[in-house]
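Q: One structure, pasted below without further comment.
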Amino acid sequence: MADYKSLYQEVILDHNKKPRNYGTIEHPSHHAVGHNPLCGDHITVDVVVDEGRINNIAFQGESCAICKASASMMTTSVKGKTREEAETLIQEFLAMATGKLSHENCPHIGRLAVFAGVSDLPTRVKCAILPWHTLNGAFNAVASTSTEAEEDPMHAPIGDA
Amino acid sequence: MSANQTTQKIRSTSAFDVERIRADFPILKLKVNDKPLVYLDNAASSQMPQQVIDRLVYYQTKQHANIHRGVHYLSEVATSEFEEARRKLQRFINANEDREVIFTSGTTEAINLVMHGYGRKFIGAGDEIILTTLEHHANIVPWQMLAEEKGAKIRVVPINDAGELLIDEYEKLFNDRTKFVGVTHVSNALGSINPIKEMIAFAHARGVPVLVDGAQAAPHTKIDVQDLNCDFYAFSGHKLCGPTGIGILYGRAELLESMQPFKGGGDMILSVTFEKTTYNTIPHKFEAGTPPISAAIGLGAAVDYLSAIGMDAIAAHELDLLKYATGQISSIAGVRVMGTAEHKAAVLSFAVDGVHPHDIGTLLNQEGIAVRTGHHCAQPVMQRLHVPATSRASFAFYNTMDEVDALIAGIRTVQKIFT
Ligand SMILES: Cc1ncc(COP(=O)(O)O)c(C=O)c1O
């Protein structure tokens, strides 16, 4: 059984309380809004890519601690990286969070390994991956993305009563 | 008097033997994350006592066959047990006749049945349907589908900040295009108990029929459909200590008779030729195909179980739990209760400052406490309260004051983690 407490580690709580790169950017080269219809949470991601490199990135939105910390740590991880590097990281993060790869097998994951625990919490995986989905949507000029989108590998109907 | 003494006093107002009742529910002995399960998600679905489990096993071991069609022994036994279950449900809600009790798959299907059977026949372009802000999506979406198909209009009764319907506004919504009212007896998101008897009388004075969504009321209070004088009353078995896949639509006989069938198939017909089909009488007209026979019989056993305890005793114990929990939770700084209606069922929706409901749900689960977090399929309520979601503890008669204490301690732990 997963130790749920391990998910709410200091680093996640800290990024939740003091999110980095929080806000919007005036003239982003890429922008997207991500929705999690299960809880009504949404975040925006603004990116400035210049000559293939992420010069600036910001996010904003109402969300749970897992989502906010994931977004905050995503921005600090990809800032200054090339778009290709960021895309590799997106794939690794999605694979780790959905339990397809263990974090040891994600060479670029680094401190983002604190999110490995969500793979044991099916209802919380979507919270962690929403920012990464949204960044991916921004890169691919999908203005609005959703964790419930058809093409989402995590798409799973979750009932509500 | 110290706070402790007050607590003692509040905790001992009913002589309800909750420990004896808990012994009937095997699932309540579970441990979750090495902690005793504290199940506070009863508004989503309740747990099943051994008596109902045993009834299901007995049926499958000794009584199963298809109903209403065979002349052999088992078919006769199954048919008579199924119809006996219908009569148990009839008594449970004090319906005038057993043919007014239709087995459906749940509240959702019951409401859809009324939308198709009544709405599509009697509601047309320009007609108006009154619903309330407190409705579950199950009592919104079918009517939206109908309104779209027919060009009808939906009018919505607003609520105040406490989560109470504004009855003056309800009355003002009526005009000569008003053809139908759909209202929830108890709000699943906030617990508000609506004054449906008065609302029904007002609608009837204008010749308008009323459907009551009783999904959250039937498990917690005595229902008397004749006293309420409602036209339709819908509820689900799985919130009533019964199985999933079964629910009830009560309908007044003359209304049911005037309606068109919902689904076509076997059992709902008297005769079929390719030229003409004659429909069966009610309730069978609305029960096409083989029904969930075991689930219906299980639900019959569940209402026997609840009636033996007594719905009044159940309601009294739950009110004690609600009062104690509300008092305790209100004493925590930074916690806000949503839904403070004067008349409330044992549903406690709350928000903790600075902590998202999903984080609360995950952290309480770590303590073995099951609460619901989200919009509770009642997004209009959430929009009205300007929150995306809440955390909701919903109590049943088998919950204890100690479990309330566990919830309160759990919320304090959550706050500690987030400070
Ligand atoms: C007020 C209300 N109406 C309708 C429903 C739908 O019930 P079911 O899913 O059993 O059809 C629910 C269940 O949550 C409810 O609380």
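The values are calculated or read from the model by the stated rules, or taken from the named source; none is laboratory data. If you're wondering where the values come from, they're calculated on a predicted model, not measured in any experiment. Please note: Cβ atoms are built from the backbone with ideal geometry, for glycine as well, and neighbour counts cover all protein chains shown. Only protein heavy atoms, including side chains, enter the accessible area calculation; ligands, DNA and RNA are left aside. Shrake-Rupley method; radii C 1.70, N 1.55, O 1.52, S 1.80 Å.
Q: Suppose we filter the stretch B:241-260 for residues that are open to solvent by 30 Å² or more (accessible area, probe 1.4 Å), more than 16 Å from the ligand (Cβ to nearest atom) and either farther than 21 Å from B:PRO209 by Cβ or part of a loop (DSSP other than H, G, I, E, B) (or both); how many remain? Step through it out loud before you land on a result.
A: The initial filter retains those residues of the stretch B:241-260 that are open to solvent by 30 Å² or more (accessible area, probe 1.4 Å), namely B:244-245, B:252, B:254, B:257-258, B:260.
Still in the running and more than 16 Å from the ligand (Cβ to nearest atom): B:252, B:254, B:257-258, B:260.
Then drop every residue that is not either farther than 21 Å from B:PRO209 by Cβ or part of a loop (DSSP other than H, G, I, E, B) (or both), which leaves B:252, B:260.
Residues meeting the conditions: 2.
Q: Another question about this same structure. Among (1) within 12 Å of the chain's Cα centre (by Cα); (2) of a type in the set (Gly, Ala, Ser); (3) under 24 Å from B:GLY374 (Cα atoms), where does A:GLY40 come up short?
A: Answer for A:GLY40: the failing condition is (1).
Q: It is to be established whether one or more residues within the stretch B:27-47 are of a type outside the set (A, V, I, L, M), away from the ligand (no atom under 16 Å from the Cβ), surrounded by 15 or more Cβ atoms within 10 Å (Cβ to Cβ) and in a helix (DSSP H, G or I).
A: Within the stretch B:27-47, not a single residue is of a type outside the set (A, V, I, L, M), away from the ligand (no atom under 16 Å from the Cβ), surrounded by 15 or more Cβ atoms within 10 Å (Cβ to Cβ) and in a helix (DSSP H, G or I).
Q: Which of the residues spanning the stretch B:106-134 are within 16 Å of the ligand (Cβ to nearest atom), more than 14 Å from chain A (Cβ to nearest Cβ) and either small (Gly, Ala, Ser) or open to solvent by less than 10 Å² (accessible area, probe 1.4 Å) (or both)?
A: Residues satisfying the conditions are B:ALA110, B:ILE111, B:LEU113, B:VAL114, B:MET115, B:LEU131, B:THR132, B:LEU134.
Q: Determine if the stretch B:69-85 includes at least one residue that is within 18 Å of B:ILE223 (Cα to Cα), surrounded by 16 or more Cβ atoms within 10 Å (Cβ to Cβ) and either away from the ligand (no atom under 16 Å from the Cβ) or of a type outside the set (A, V, I, L, M, F, W, C) (or both).
A: Residues of the stretch B:69-85 within 18 Å of B:ILE223 (Cα to Cα): B:85.
Those left that are additionally surrounded by 16 or more Cβ atoms within 10 Å (Cβ to Cβ): B:85.
Right, trim to either away from the ligand (no atom under 16 Å from the Cβ) or of a type outside the set (A, V, I, L, M, F, W, C) (or both) and you get B:85.
Yes, the stretch B:69-85 contains a residue that is within 18 Å of B:ILE223 (Cα to Cα), surrounded by 16 or more Cβ atoms within 10 Å (Cβ to Cβ) and either away from the ligand (no atom under 16 Å from the Cβ) or of a type outside the set (A, V, I, L, M, F, W, C) (or both).
Q: Could I ask something else about it? I'd like the full set of residues that are over 11 Å from A:ASN56 (Cα atoms), buried (at least 17 other Cβ atoms within 10 Å of the Cβ) and among the hydroxyl-bearing types (Ser, Thr, Tyr), limited to the stretch A:73-90.
A: So in the stretch A:73-90, the residues over 11 Å from A:ASN56 (Cα atoms) come out as A:73-74, A:77, A:82-90.
Of the ones still in play, those that are also buried (at least 17 other Cβ atoms within 10 Å of the Cβ) are A:73-74, A:77, A:86, A:89-90.
Within the stretch A:73-90, just A:SER77 meets the criteria.
Q: Could you count how many residues in the stretch B:167-194 are touching a residue at least 24 places away in the same chain (Cβ under 8 Å) and away from the ligand (no atom under 16 Å from the Cβ)?
A: At the first step, the residues of the stretch B:167-194 found to be touching a residue at least 24 places away in the same chain (Cβ under 8 Å) are B:167, B:170-171, B:173-175, B:177-194.
Narrowing further to those that are away from the ligand (no atom under 16 Å from the Cβ): B:167, B:170-171, B:173-175, B:177-180.
Number satisfying all stated conditions: 10.
Q: Looking at the stretch B:345-419, what strands (runs of 3 or more DSSP E) fall wholly within it and have at least 1 residues that are at the interface with chain A (Cβ under 8 Å from one of its Cβ atoms)?
A: On the way: elements: B:347-352, B:372-374, B:390-394.
Qualifying strands (runs of 3 or more DSSP E): B:372-374.
Q: Take B:VAL141 and tell me if it is within 14 Å of chain A (Cβ to nearest Cβ), aliphatic (A, V, I, L, M), within 14 Å of the ligand (Cβ to nearest atom) and closer than 29 Å to B:PHE174 by Cα.
A: Details: within 14 Å of chain A (Cβ to nearest Cβ): yes; aliphatic (A, V, I, L, M): yes; within 14 Å of the ligand (Cβ to nearest atom): yes; closer than 29 Å to B:PHE174 by Cα: yes.
Answer is yes for this residue.
Q: Residue by residue through the stretch B:180-208, note down the ones that are part of a loop (DSSP other than H, G, I, E, B) and buried (at least 24 other Cβ atoms within 10 Å of the Cβ).
A: So in the stretch B:180-208, the residues part of a loop (DSSP other than H, G, I, E, B) come out as B:185, B:187-191, B:194-195, B:205-208.
B:HIS185, B:SER187, B:ASN188, B:ALA189, B:LEU190, B:GLY191, B:ASN194, listed by residue number.
Q: Do we have any residue at all in the stretch B:131-145 that's in contact with a Lys or Arg (Cβ under 6 Å, 6 or more places away or on another chain), outside the structural domain of B:VAL387 (by TED's automatic domain parsing) and closer than 28 Å to B:ASP224 by Cβ? Give the derivation first.
A: So in the stretch B:131-145, the residues in contact with a Lys or Arg (Cβ under 6 Å, 6 or more places away or on another chain) come out as B:133.
Then keep just the ones that are outside the structural domain of B:VAL387 (by TED's automatic domain parsing); that gives B:133.
Next, from what is left, pick out any that are closer than 28 Å to B:ASP224 by Cβ: B:133.
The answer is yes, given that some residue of the stretch B:131-145 is in contact with a Lys or Arg (Cβ under 6 Å, 6 or more places away or on another chain), outside the structural domain of B:VAL387 (by TED's automatic domain parsing) and closer than 28 Å to B:ASP224 by Cβ.
Q: Which of the residues spanning the stretch B:215-234 are under 14 Å from B:THR104 (Cβ atoms) and near the ligand (Cβ under 8 Å from one of its atoms)?
A: Taking the stretch B:215-234 first, the residues under 14 Å from B:THR104 (Cβ atoms) are B:215, B:218, B:232-234.
Within the stretch B:215-234, B:ALA215, B:ALA234 meet the criteria.
Q: A follow-up question, please. Do we have B:HIS376 as outside the structural domain of B:PRO219 (by TED's automatic domain parsing), within 16 Å of the ligand (Cβ to nearest atom) and crowded, with 21+ Cβ neighbours inside 10 Å here?
A: Details: outside the structural domain of B:PRO219 (by TED's automatic domain parsing): yes; within 16 Å of the ligand (Cβ to nearest atom): yes; crowded, with 21+ Cβ neighbours inside 10 Å: yes.
Judged against the criteria, B:HIS376 is a match.
Q: Only one of (1) more than 10 Å from chain B (Cβ to nearest Cβ); (2) farther than 29 Å from B:PRO380 by Cα fails for A:LYS17. Which number is that?
A: Only one criterion is unmet by A:LYS17, namely (1).
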